[in-house]
Amino acid sequence: MSTTTTHIEYAIPERIDRLPLSRETWRIMLLAGIAWLIESYDIGIMGNILPLLEKQYQLNSFMVGSLATVSTLGIVLAIIPAGWLADRVGRKKMLVFGTAWYAFFSLLCGMVPSIPLLIVCRLIAGLGMGAVFPIPYAMAAELTSKRIRGSMTAVLDSFLSFGYFLAPLLALLLIPQLPTQWGWRMLFYIGGLPLLYVPVLIKWMPESPRWLTIQGRGEEADQIVTQLEQRIESRTGLALPEPGSHAGQSMPTPSRASSGIFSRAYLKRTLMMCISFACILFIFYAIQTYTPTVLLKEGYGISNAFLLTTIIVLASIPGKYAAAYAIERFGRKFTLISFTLIAAASALCFGFAHNGALALLAGCVLSFFGIGVDPVIKIYGAEQYPTRMRELGIGVFEGVGRLFGGVLAPFIMAFLLTSFNVAGSYVFVAVIAVIGVCVVAWLGTETRGVVLEKASNS
C-alpha cells in the first residue's frame, strides 16, 4: 500500500472502516473505557456522601445544591475550551492531562478541613473532568469502523456506569464501617488513584489517525493504522480486504461559509444536540445525584438507600449493552426515541411508587433506558461534525447540556422535591425527556452505517 502523503490523507478513513472488530480494537477501547470508569467514579461520589455531609455539617439547601453541582459547573467551564484544544493539540494529550488533573484534585478533596474548601476543590477537579469527558467517544468514532462505531461507543460508555455503580457500592461497604468524618474522605482518596493510570495512557493509547491526517501528519497516521493492520493480519493469518471504493478520493470539504458549528450548514445539528443532550442528561442527573436523597426522604434508611441506589445504577449497564445492539440493528434515531420514551414512562412510575418493590422496579427500568440511552446520543453527536472541529462541537453540546441538565437540574430537583414532593419532581423529569424526543424526531437524520466523513459533511 502506498504511503505517499496524498494517498494517506484520503485512505486513512477507508483503511479504518475495513478493519474488523479485533483484540487490537478492544485494547484501545479498554484504555479509553478505564479512563471513563475512574472519572465516573469521581463524579458518582458526591451523590453518595451528600446525606452524610448534610448531617455532619448541618448544611442548608444552598450548600447542598452547591456541593451537588459544583463539579459539573467545572465541567461546563472547561469542556468547550478543552474541545477546542483537543482539535489543536490532539485527543491523547487532553485525555492524559485531564485525567491527571482531576485525580490530583480529587485526592485533595479528601484532605480539606472545611466545606467551602471542598467546594473549591470540586470545582477545580471538574475542570479536569471537562477536559476528559468528550475524548473517549470521539476516539471511538475515529478509531473504529462504520459498522461498529455505535455499538463500540455503547460498550465504552458502559464503563461510565461501572464507575457510577462503584461509587455507591464502596459507600455501602466503607461508610458504615468508618467514623463519620473519615468515610466520605476515604472515597475521595480512592478517587486519587487514577494518577497511577496516567503513565499507562501515555505509553499505550494511540493518537487518532484521522486527527493526525488533518494536521498534515500523515506519516504518523499511516504508522498507527499500519501497525493495526499488520497485527491483525499476523494474528489471523488472513489478508485484510482492500479499502472501500472511495479510497484515494477526496472527502467533501466544507466551504469557509460552513466552517463553524454555528454556521448555516451545522446550526440545525448544533441546536438539536444542545437541546436533546440537555434533556437526556437531566434524566441521568436525576437518577445519579438524587436517588439516595429521594429514597431517604421516603424513609428507607441510609443503608437501604445506598443498597437500592447501587442496584438501580447497576441496571444501567445492561441498558447500555442493549443500546449497543439496538443502535446498529435499528439505527440511531429509533433507539434514541424509544429508549427515552420508555425512560419518561418509568420516571412517572418511580415518582408515584408507594412501596419499595415498585420503586426498585421503576428505578431499574428508568436507569436501564434513561442512562442506557446515553451512548446513543453521544455517538450521534460525534457523527454530526467533521474531524477538524469534532471535539469543539462535542464540547459545545456537552457544555450546554451539562449546564442545563447537570448544573441546573440538581437545583431544580431540590426545589421540586421541596415544593411538589417526589411525584411532582418526576413528572417534570418525564416532561423534559419527551421534549428531548421531539427535538430528535424533528431535526435528526439517520447516520447508521455511513462513513464518518460523509455523515459529518452531508
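Which trypsin sites (Lys or Arg not before Pro) in segment 143-216 pass both tests, a DSSP loop state and at most 16 other beta-carbon atoms within 10 Å? Each step should come with its number before you reach the end.
Working: sites: 146, 147, 149, 185, 203, 210; in loops: 146, 147.
When the trypsin sites (Lys or Arg not before Pro) of segment 143-216 are filtered for loop state and at most 16 Cβ neighbours within 10 Å, 147 remain.
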Inset, instruction - Quick one: dipole size for segment 21-170, taken about the Cα centre, charges +1 on Lys/Arg Cβ and -1 on Asp/Glu Cβ, in debye to the nearest 20. - result: 440 debye
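With a 1.4 Å probe and every protein chain left in place, work out the accessible area per residue of the chain in Å², rounded to a whole number. Show your work: numbers first, answer last.
Numbers: 17430 Å² over 458 residues.
Per-residue value: 38 Å².
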Inset, instruction - Work out the charge dipole of the chain with +1 on the Cβ of Lys and Arg and -1 on the Cβ of Asp and Glu about the Cα centre, then indicate which of 336, 187, 175 is farthest towards its positive end. - result: 336
Legend entry - Between segment 100-127 and segment 18-87, the alpha-carbon center distance in angstrom: 13 Å
Inset, instruction - Of the options 46, 407, 263, report the single residue whose Cα projects farthest towards the positive end of the charge dipole of the chain (beta-carbon charges: Lys, Arg +1; Asp, Glu -1). - result: 263
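Given charges of +1 on the Cβ of Lys and Arg and -1 on the Cβ of Asp and Glu, with all other atoms neutral, how large is the dipole of the chain about its Cα centre, in debye to the nearest 20? Walk me through the numbers on the way to the answer.
Working: 34 positive and 25 negative charges, 56 e Å.
Dipole magnitude for the chain comes out near 280 debye.
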Legend entry - the chain, helix-only ellipticity at 222 nm - DSSP H runs n ≥ 4, -39,500 (n - 2.57), divided by all residues, nearest 500: -25500 deg cm²/dmol
Inset, instruction - Could you check how much of the accessible area of the chain is carbon and sulfur, as a whole percent, using a 1.4 Å probe? - result: 68 percent
Legend entry - Cα centroid separation - segment 392-448 against segment 154-182, whole Å: 24 Å
Inset, instruction - Would you be so kind as to identify which of 216, 239, 201 lies farthest towards the positive end of the dipole of segment 200-245, taking Lys and Arg as +1 and Asp and Glu as -1 on Cβ and the Cα centre as origin? - result: 201
Legend entry - Ranked by how many other beta carbons lie within 10 Å on average, peptides 95-107, 121-133 from highest: 121-133, 95-107
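The values are calculated or read from the model by the stated rules, or taken from the named source; none is laboratory data. Computed from a prediction, not measured in an experiment: that's the story for all the values here. Ideal geometry is used to build each Cβ from the backbone, glycine not excepted, and the neighbour counts take in all protein chains shown. The protein model used for the area step is the full one, side chains on, heavy atoms only, and it has no ligands, DNA or RNA in it. Shrake-Rupley method; radii C 1.70, N 1.55, O 1.52, S 1.80 Å.
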